[in-house]
Every structure is written in C-alpha cells, then in structure tokens.
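Structure first, then comments.
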Amino acid sequence: MLTPAEVAEWLRVSEVTVKNKYRSWGLRPQKVGRLLRFRERDVVAYLDGRYG
C-alpha cells in the first residue's frame, strides 16, 4: 500500500495533486481509517495504460 506522497513521487507531481486528481485518473483508493492508500498494482496499471 502506497501513501499519497509515495504515489506523488512515482508520478512526479505534488501530493495535493494526487489527492485532488486520483478519481479522474481512475485510481481506486483503499481507506485505512481516515487515510488514503493506493495499491501499487493500480498505480502501475495506470502508468502502463497511460504511458506504456
């Protein structure tokens, strides 16, 4: 599970951008309490679909 900060680092955008845009990018978050987490395979699939 990746934090929004880790996803932002992978995508080379800010953490705020990830929090605002993950829905439009089609990334499904996993809620851990009140925190957002993203599955690594979902982020890799997004990158492959978009740039791969």
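What follows is calculated from the coordinates using simple rules that are stated; it is not laboratory data. Since this is a predicted model, take the numbers as computed values, not measurements. Because the Cβ atoms are built from the backbone with ideal geometry, glycine has one as well, and the counts that use them run over all protein chains shown.
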Filtered residue count, segment 37-52, keeping only those that are touching a residue at least 12 places away in the same chain (Cβ under 8 Å) and closer than 15 Å to E9 by Cβ: 6
Unique match (being surrounded by fewer than 14 Cβ atoms within 10 Å (Cβ to Cβ), assigned to a helix (DSSP H, G or I) and either within 8 Å of the chain's Cα centre (by Cα) or of a type in the set (G, A, S) (or both)) among A45, A5: A5
Cross-chain or 6+ apart pairs with Cβ under 9 Å, segment 1-21 first and in contact (Cβ under 8 Å) with a residue 24 or more places away in the chain, then of a type in the set (K, R) and outside any helix (DSSP H, G or I): M1/R37; M1/R39; L2/R37; L2/R39; T3/R37; P4/R37
Considering residues of segment 20-42 that are out of contact with any Leu (no Cβ under 8 Å at 6 or more places or on another chain) and assigned to a helix (DSSP H, G or I) only, the residue surrounded by the most Cβ atoms within 10 Å (Cβ to Cβ): W25
